[in-house]
Amino acid sequence: MIQFEYLSPSSVKQALGLLSPNWGDTEVLAGGTDLLGLMKDFVLTPKRVVNIKHVSGLEAIRSEGDGGARIGALVTLDRIVEAAHIRQNYPALAQTVADAASTQIRNMATIGGNLCQRPRCWYFRNGMGLLPKTPDGKSMVVEGDNRYHAIFGNEGPAYFVSPSTIVPLLIAYGARLRIAGADGERELALEKFFRIPGSDAEREHDLKPNELVTEILLPSAKGVRAANYEVRQKASFDWPLATAAVALRMNGSAVESARIVMGAVAPVPWVSQEAAQAIANKTINEQTASAAGAAAVSKARSLSHNNYKVKLAAVAVKRALLVAVGQTVPDLSTAQRGGGA
Amino acid sequence: MPAEDKYAYPPADERTYVGRRMGRVDGTAKSTGHAKYTYDYNAKGLLYGAFVRSPYAHARIKNINTSEAEKMSGVKAVEIVQKPGSEIYWAGDEVVAIAAVDEPTVRDAVRAVKVDYEQLPHLVIDSEEPPHNIPPDTSPLGLDDLEDMARNQVPTAQMVKEINERGITFKPEEAPLDRMPADIAKAVKSAKQKPAEKKPPAWYKPAAAETQGDADAAFQAPEVVISEGLYGLPVITHCCLETHGAVCEWTDSDHLLTHVSTQYISGIPGQMAEVVGIPAANIRQVQENIGGGFGSKFGPDRWGIYSAKLSKKAGGAPVKMMLSRAEELEVAGCRPSAYARVRVAAKKDGKLTAWDSFGWGTGGPGGGGSPPIPYLIRDRVPNYRIQWTAVVNNIGPARAWRAPNHPQACLITMAALDDLAHKLGMNPLEFFKKNIELTGPRANIYMDEFPVADELMGWSKRWHPRGDKTPGPIKRGLGMSMHTWGGRGHQSECDLTIQPDGSVTIKMGTQDLGTGTRTAILAVAADTLGLTPQQITLLYGDTRYPMSGGSGGSTTIGGVSSATRRASVDARDALFLKVAPVLGSTPEQLEVVKGQVRVKGQASKALSWKEACAKMGAVPINAHGKNLGGRDPLMNSGVGGVQMADVSVDTEAGIVKINKMVAVQDCGLVVSLETAESQCYGALIMGISYALFEEKVMDPTSGRMLNPNMEFYRLAGIGDIGELVVHMMVNKYDGRGVIGLGEPPVISPGAAISNAVANAIGVRVPMLPLTPARVLAALGEQKGENA
Amino acid sequence: MTTNNKSSGFSRRDFLKISSIAASVPLVAGPKVIEVAGQEVAVHGPGAVPVTLSVNGKRFNAELEPRVTLLDALREHFDVTGPKRVCDRAECGACTVLIDDRLVYSCTTLAIEAQGKEIVTAEGLGGGDRPHAVQSAFVNNDAQQCGFCTPGFTVAAKSFLDRNPHGHDAEIAHGLAGNLCRCGTYRGIHGVVAQMTGREPQGNAGTTMIASRATPSSKGDA
Ligand SMILES: Cc1cc2nc3c(=O)[nH]c(=O)nc-3n(C[C@H](O)[C@H](O)[C@H](O)COP(=O)(O)OP(=O)(O)OC[C@H]3O[C@@H](n4cnc5c(N)ncnc54)[C@H](O)[C@@H]3O)c2cc1C
Ligand code: FES
Ligand code: FES
């Protein structure tokens, strides 16, 4: 880490005032589980760090009258797991958050930081850039080892994958985001928050350097069957190779509408219309779920080393659908993955 | 009684500690965080050192500018490690060393140094098959070549052969003959001296083919069953949790105190003396605990040397130089890769007839040692042809990794034989039994171990032919493997003192890597003196104490146990001499039991230990124990072990899960049972880790390691291990003496797990680690997809 | 946690005009106070500032730059070396400590943020000079080899057991996944949890049929 000045504002307004309008000058520190690593590796070298943990008003989980929820940006992951309202109304979310990272990280990491965390791409983390280039201008990712890289949205120059294992499910639930900036607050659908950068000057989300994520709004999930399925090699504390989140509204035993979002497959959480269409008005069983998995990856385009991820994404979609309707899926160990309707 | 017999261990039922579970003596210090490691060494005025490292895998240094760093406040010393003009062979190699008042400052200073490089072409990928038509290098060997070979653990016999055939370019006196294995030193002394030849740099160094019998004829013989396959495992790292490093300080102008994190305390002064310019006797190395080594921590390395040099420049202040995790994984540990195309043949009844392999692998700039394939059976397979090409590349320097070359040889061999058993339609256990004579002197041990492993795993009840037929995507299978290792004790000495007040002190310059060395020493001494371990003080980890060899190659337990036993017996007998008259008996008639010195069989004629020692007068008893090396009957060499794995594979997601592993292990006389078992459990877990997860991933364009962290350099976690069962062959082979155990149990897991996966899914996954990508590719190929 | 130290007399109302942050960073140490959005906020660093930590019931003071992590403060400034630095990136758990009874990675916490809280490391887990029962169970189950991961693991295990008094295999696999061991002591750690929850350890207990433990009194440090 390079030297920096450190401030702990107590209000959103104050925090905003301390942030520079230019990326690189200042960084927001929440749980620090991502930011400090990036700073230690000199990927980020802010001259000022604004600790927002003492900012008031961002640490609550509130239940809405209709069963919806608002989660403050500073709520730590462990509190989401433990919150009765979340466990009752969004059981798949409680389970997914419980499966993220490790006990220690869940105790430290905030949900706001989770949405804003930077990609784990090993070129990026090793200081070669988010859109790394070889001396002759080719993509280092395309030329190099891209086993963990994107199979969607990889037309270039971005090939990294969106890291959060929680975000796809939040998007499937239809979450919205509140962001505070110099000009007041704005609200947008969570999926709109993520974007594929076209140049080194851009980041992978729609956040200005002097804005703060303040709150996540979850619409009521009454009547929604949701699940998240992660393909992870290790039993626990391991970045998944592909994930899928589904949220279904049912009409009897048939799917009325579906939101299917894949993670770790594209520079942004990847919403699959193809999979949703494949399952529309159908009863979910092994065949229809498989077909939805196949549809989900029909437009995937693998790089030199990540063809296997196409299969894994299809499996994740299929199994997430089956879990959502309460069917059992092959399971190597109970500790391995999240689920729950 | 023959002089040697008095040192022999008593039978199992007369021992209280040796061969039993007695608890790790240093356990509480470790679990409460009080145990101190090199990394924990804090002293007043401590400076922090760090290196400027090359970002390029292959380059020449053009220019170094340290002026800005030198101007920074807090920077205390700067040393150039490699001058302009030097060639760099791997990314992360050390270029400049700096010491400063604290770590943030030194890291700032490192970033302030400017180095210009001329980039040179690099190669970091090694899995591609090298051309088959490169003639072997027959040019005479330089000292560098020998060093490369030694670093890569090229077997002694092979080195001798090459020295004899190729000759040498240097005078034998120029070689460090005293540090070489005797056979190699002998070969060097008698080698032909030739002028050096200018060798063009080459990525591939093939060795001459080795043959026995007539392999081609054997493969063409009628009625043989032939199996072919590709097998391999990549370069992995040691990933010691305590990174490599050292703290050095000059206590006066010509005395150096070092705390190198090392597996070889006694060896540090000798390895540092010349470079730091003082006699070895003026160097004192101290280390209480070490946080992992696994073969990678024998020398002082650049960090040891440069912490001493920086300390000198900074007026003697202690300089702590510990590697960061990224540095550790990039430069401080690399197990050579090994890949091979193998053909094996057997008669229809399962009798193995021929082996033919073309293999390659890398240990970085030095090439790579050839693993001893076909493993276990090499000396006895009637026909073989073995070809090996060392890949010389820029992946980083190899270091010995727990059982050097053996896990590689074991995987390639046991997987090939398992595939052959499948082709023969045989249960692998039956196949191995059928060919057991090929394993030579340890055949009987394996035959003793098979039924134990069979029972603990339920092999015979549960084994099925390849391809689990259970419906659904989860497939389950069993696999097995066998291994051996030398493990004769190294040279080791022990001073044991009994004071008139009854206190007992042992001094040994050894180290405890967590293998339980301290516990074992105290077990031996306590048993011999009839005391509890708590009644004995063990002073260790310091070059002021009698020397002990390096803890590598499973040589420690044999070495220290024999030295301790000998010192303890001699001290005890000296005490008997003094006490016998008091008890009205003769020394031969005395024994020590539970803190008493007594006349054998006469419980009433006894003195407490304290009373007995009081009879010594004012002079303490001092005994020096030294083992007898190769002719010491208290220790031996050559263990046998059998392992079995039970896995489940999710064939849709390509994920392998360990359900259970069984290790049945012999190591002669077990000294400390609990820590021996822990060695085996640990080895199984380390084996699971390299079988499923570990790989040093290199970027072809930048030549850098992409996963120098613990996030994508994956280690098995607590949820990845399944049920582990360890069975030590206790009390069965006590007569063979004590044999080392550190390496053997880590050799087989890769092979056993790979075989279990093949048994589950019906197809071989050729390469470790068994990642979803590889498992799915193998399944795809089986189905005829082009994965 | 921010200390108002107006004596430095540094106050800037129009912070938004600060386009170049570097220019706004005076090189004098000690917290200064600036006013932002009508409220005061202290500026710490970039140089060393006074930091006070409460570790295992003792207070420690040091002058630290804001970039110093809690782990480095403990180890290098206060000689509390139970927490180890292994990955320094929130990946391995060797640096695990409790902050106000929450299990965290000290390598990924700034020392300056840990002020005013109770920090407990392996050394303080037992509350005094005695080992905590969990730490004794680590010895009993030989859940340690080189011991470098062990202090962090004992803290994690204690916290896990507080929250999962009946922790079973699947919960262990999940709850203790944040700690890695290279020597391979996980089986012993399963034994620790089994012992503390009053269960029989899963699976075969090793070479049990043949050799029993020596007298229990032989346990512990020599
Ligand atoms: C080893 C490891 C494993 C992990 N595994 C998983 C996993 O399985 N699944 C998963 O989802 N995540 C995983 N993570 C990521 C982890 O969840 C995130 O690091 C964490 O959620 C980030 O939250 P934080 O509060 O610590 O953020 P910080 O590190 O403080 O901040 C992260 C980024 O977000 C910005 N930021 C934070 N809060 C705000 C805000 N309110 N407004 C604007 N910007 C903000 C910061 O400036 C910074 O750029 C893992 C991390 C590690 C280190
Ligand atoms: S050192 Fe903190 S998690 Fe590894
Ligand atoms: S005991 Fe050595 S790392 Fe765990």
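The values are calculated or read from the model by the stated rules, or taken from the named source; none is laboratory data. Predicted model, so just to flag it, every value in this text is computed and none were measured. Glycine also receives a Cβ, built like all others from the backbone with ideal geometry; neighbour counts cover every protein chain displayed. Note: accessible area is taken over every heavy atom of the protein model, side chains too, but ligands, DNA and RNA are not part of it. Shrake-Rupley method; radii C 1.70, N 1.55, O 1.52, S 1.80 Å.
Give me D for chain A in µm² s⁻¹, whole number, from Stokes-Einstein with Rh from the Kirkwood sum over alpha-carbon pairs, 20 °C and 1.002 mPa s.
For the chosen part, D equals 106 µm²/s.
Which order do the peptides B:63-72, B:464-473 come out in when sorted by mean C-beta neighbours inside 10 angstrom, highest first?
So the peptides B:63-72, B:464-473, ranked by packing, come out B:63-72, B:464-473.
Distances over 55 Å make up what percent of all Cα-Cα pairs in the protein assembly as shown?
Summing the P(r) tail past 55 Å for the protein assembly as shown gives 22 percent.
Starting from the Cα of residue C:164, move 7 Å in the Cα-to-Cβ direction to define the label point; list residues of region A:85-112 whose amide nitrogen is under 18 Å from there.
A:94-108
Compute for region B:187-233: radius of gyration divided by Kirkwood radius, i.e. Rg/Rh, restricted to C-alpha atoms, rounded to two decimals.
1.18
So how do C:117, B:114 rank on accessible area, 1.4 Å probe, biggest first, that is with the largest at the start?
Greatest to least solvent exposure: B:114, C:117.
Accessible area lost on pairing A with C, both sides, 1.4 Å probe, Å² to nearest 100?
Looking at A and C, the buried total is near 3900 Å².
Can you compute the modelled spin-label distance between residue B:216 and residue B:588, with each label point 7 Å from Cα toward Cβ, in nm?
7.0
Please give the per residue accessible area of the protein assembly as shown, computed with a probe of 1.4 Å over protein heavy atoms only, in Å².
About 34 Å² of surface per residue is accessible.
Enumerate the amide H contacts of residue B:723 below 5 Å, restricted to partners 5 or more residues apart or on another chain; note that Pro and chain-start residues carry no placed amide H.
So residue B:723 has HN proximity to B:660, B:661.
In Å and from the alpha-carbon atoms only, list the Rg and Dmax of chain B.
Rg, Dmax (Cα atoms, Å): 27.7, 88.
Calculate the spin-label point distance for residue B:347 paired with residue A:331, positioning each point 7 Å from the Cα along the beta-carbon direction, and give it in nanometres.
With each label point 7 Å from Cα toward Cβ, the separation is 5.3 nm.
At a Förster distance of 25 Å, what's the computed FRET efficiency of residue B:174 paired with residue B:544, Cβ-Cβ distance as r, to 0.05?
After rounding, the FRET efficiency stands at 0.15.
Pull up all non-local amide H partners of residue B:728: gap of 5 or more, or a different chain, and H-to-H distance under 5 Å with H placed in the peptide plane.
Excluding prolines and chain starts, which carry no amide H, the hits are B:665, C:207.
Cross-link list B:660/C:84; B:347/B:433; B:433/B:461; B:30/B:309; B:199/B:297: which exceed 20 angstrom alpha carbon to alpha carbon?
Long pairs (Cα-Cα over 20 Å): B:660/C:84; B:30/B:309; B:199/B:297.
If you find the alpha carbon centre of region B:413-431 and of region B:128-205, how far apart are they in angstrom?
When both Cα centres are located, 37 Å separates them.
Could you give the Stokes-Einstein D for region A:224-340 in µm² per second, using the C-alpha Kirkwood radius, 20 °C, 1.002 mPa s?
Value of D from the Cα-based Kirkwood radius: 154 µm²/s.
Return the carbon/sulfur percentage of the accessible area of chain B, one whole number, probe 1.4 Å, all protein chains in place.
Looking at chain B in its full context, I get 51 percent from C and S.
Taking accessible area as the heavy-atom solvent-accessible surface of the protein chains with a 1.4 Å probe, which residues of region A:77-106 lose no less than 40 Å² upon going from the isolated chain to the full protein assembly?
At a threshold of 40 Å² (probe 1.4 Å), the residues of region A:77-106 that become less exposed are A:103, A:104.
Taking only C-alpha pairs under 8 Å that are 6+ residues apart, what is the relative contact order of chain B in percent?
Computed value for chain B: 16 percent relative contact order.
Could you work out how far the C-alpha centroid of region A:60-111 sits from that of region A:190-263, in angstrom?
The two parts, judged by their Cα centres, are 14 Å apart.
Give, ordered by residue number, each residue of region C:118-138 whose 1.4 Å probe accessible area is reduced by a minimum of 40 Å² on adding the remaining protein chains to the chain alone.
Flagged in region C:118-138: C:123.
Probe radius 1.4 Å, ligands and nucleic acids left out: can you give me the accessible area buried at the C-B interface, summed over both chains, in Å² to the nearest hundred?
The buried area between C and B, both sides summed, comes to about 5800 Å².
Where in region A:107-214 are there GluC sites (Glu not before Pro) that are in a DSSP coil and have at most 12 other Cβ atoms within 10 angstrom of their Cβ?
Listed in order of number, the matching sites are A:155.
Below 15 angstrom from the Cβ of residue B:132, what's the summed charge of the other residues (Lys, Arg +1; Asp, Glu -1)?
With Lys, Arg at +1 and Asp, Glu at -1, the net is +1.
In 10 Å bins starting at zero, report the fraction of Cα pairs in region B:151-229 per bin as a rounded %.
14, 34, 26, 15, 10, 1
Probe radius 1.4 Å, ligands and nucleic acids left out: which of B:481, B:127 has the largest accessible area, and how do the rest follow?
B:127, B:481
Report the net charge of residues surrounding residue A:76, where surrounding means a beta-carbon distance below 12 angstrom and charges are Lys +1, Arg +1, Asp -1, Glu -1.
Summing Lys/Arg as +1 and Asp/Glu as -1 gives +1.
Based on the alpha-carbon set only, what is the convex hull volume of region A:1-58 divided per residue, in Å³?
In region A:1-58, the Cα hull volume divided by residue count equals 67 Å³.
Separation of region C:143-164 and region A:17-46 by C-alpha centroid, Å?
Computed from Cα coordinates, the inter-centre distance equals 32 Å.
Across peptide A:239-246, how many C-beta atoms of other chains are within 10 Å of each residue C-beta, on average?
1
How large are Rg and Dmax for region B:95-200 when only the alpha carbon atoms are used, in Å?
So, for region B:95-200, Rg and Dmax equal 20.1, 56 Å respectively.
Please pull out the direction-averaged projected area of region C:49-124, using the convex hull of its alpha-carbon atoms, in nm² to one decimal place.
Average projection, Cα convex hull of region C:49-124: 4.2 nm².
Could you work out what % of the accessible surface of region A:224-340 is carbon and sulfur, using a 1.4 angstrom probe and leaving DNA, RNA and ligands out of the count?
49
From the backbone phi of region A:61-72, what are the Karplus-calculated ³J(HN,Hα) couplings (6.51 cos²θ - 1.76 cosθ + 1.60, θ = phi - 60°) in whole Hz, Gly and Pro given as x?
10, 10, 9, 8, x, 7, x, x, 8, 10, 10, x
What are the ³J(HN,Hα) values, in whole Hz, obtained from phi via the Karplus relation 6.51 cos²θ - 1.76 cosθ + 1.60 with θ = phi - 60°, for each residue of region A:7-13 in sequence order, with x given for Gly and Pro?
Listing the rounded values in order: 9, 10, x, 10, 9, 4, 4 Hz.
If I model a spin label at residue B:573 and residue B:254 as a point 7 Å from the Cα along the Cα→Cβ vector, what separation in nanometres do I get?
In this crude label model, residue B:573 to residue B:254 measures out at 4.2 nm.
Give me the net charge of residue A:35's neighbourhood, meaning all other residues with Cβ under 9 Å from the Cβ of residue A:35; Lys, Arg count +1, Asp, Glu -1.
Computed value for this residue: -1.
Using the Karplus curve 6.51 cos²θ - 1.76 cosθ + 1.60 with θ = phi - 60°, what ³J(HN,Hα) values do you get for each residue of region A:31-39, in whole Hz, with x for Gly and Pro?
Result, rounded to whole Hz: x, x, 5, 9, 4, 5, x, 5, 6.
At a probe size of 1.4 Å, how large is the accessible area of residue A:205, to the nearest 10 Å²?
Surface open to solvent at residue A:205 totals about 10 Å².
Towards the positive end of the charge dipole of region B:623-670, with charges on Cβ (+1 Lys, Arg; -1 Asp, Glu), say which of B:627, B:667, B:649 has the farthest Cα.
B:627
For peptide B:672-682, compute the average count of partner chain beta-carbon atoms within 10 Å of each residue's beta-carbon.
6
For region C:133-212, state the semi-axes of the equivalent ellipsoid (square roots of 5 times the eigenvalues of the alpha-carbon gyration tensor), sorted largest first and rounded to whole angstrom.
Semi-axis lengths for region C:133-212 are 19, 15, 11 Å.
Region B:72-148: D in µm²/s via Stokes-Einstein (Kirkwood Rh, Cα pairs, 4 °C, 1.567 mPa s)?
Stokes-Einstein gives a translational diffusion coefficient of 78 µm²/s.
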